[in-house]
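K.L.:
Right, I'll just put the structure down here and ask away after.
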Amino acid sequence: MNYYRNVFNNDKTIRFLLIFGLVLSISKGTRVLGLALIIYAVGRRGTYINIKSEIEQTIRRIKNKLGERKNFLITRCPNCSQKVRLPRRKGNILVTCPRCGYKFKLKT
Ligand SMILES: [Zn+2]
């Protein structure tokens, strides 16, 4: 989990540098600084970055997050209050808590 968080933070930093670099490179006075930031960000990643696909990935990630909220229901186990994520629109289902094994019925 820690590893994932590090990667995510790293990606976020690089994306920020790229966007900031792009903004700076629009203006003539700060173009050199902007390009330097872009080169730095690309260099940090170690591979050539297709900026368009980076932006598409970000949009897809946001869409996924929104979709998750629409398709899943977050509830708590009545026995141990563990958070449980359930698919929506499945009618009455028997939920088994992943932590304590407690079974409870829920309408989704
Ligand atoms: Zn439980």
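What follows is calculated from the coordinates using simple rules that are stated; it is not laboratory data. Given the structure is predicted, the values throughout are model-derived calculations rather than measurements. Glycine gets a Cβ as well: all are built from the backbone with ideal geometry, and neighbour counts include every protein chain shown.
K.L.:
What percent does the relative contact order of the stretch 30-108 come to when contacts are Cα pairs within less than 8 Å and at least six residues apart?
P.N.:
Relative contact order here is 17 percent.
K.L.:
Sticking with this structure for a sec: Straight distance only, please: which lysines reach the Cα of LYS70 with their own Cα at less than 23 Å, same-chain residues fewer than 8 apart left out?
P.N.:
LYS83, LYS90, LYS105, LYS107
K.L.:
Mind giving me the nanometre distance, one decimal, between the label points for PHE72 and LEU33, set 7 Å out from Cα along Cα→Cβ?
P.N.:
4.1
K.L.:
Now for a different question. Which FRET efficiency, nearest 0.05, do PHE104 and ARG60 yield, Cβ-Cβ r, R0 30 Å?
P.N.:
With R0 = 30 Å, the Cβ-Cβ based efficiency is 0.30.
K.L.:
Right, next: Once the dipole of the stretch 30-108 is set up with Lys and Arg at +1 and Asp and Glu at -1 on Cβ about the Cα centre, which of ILE74, LEU35, THR58 lies farthest towards its positive end?
P.N.:
ILE74
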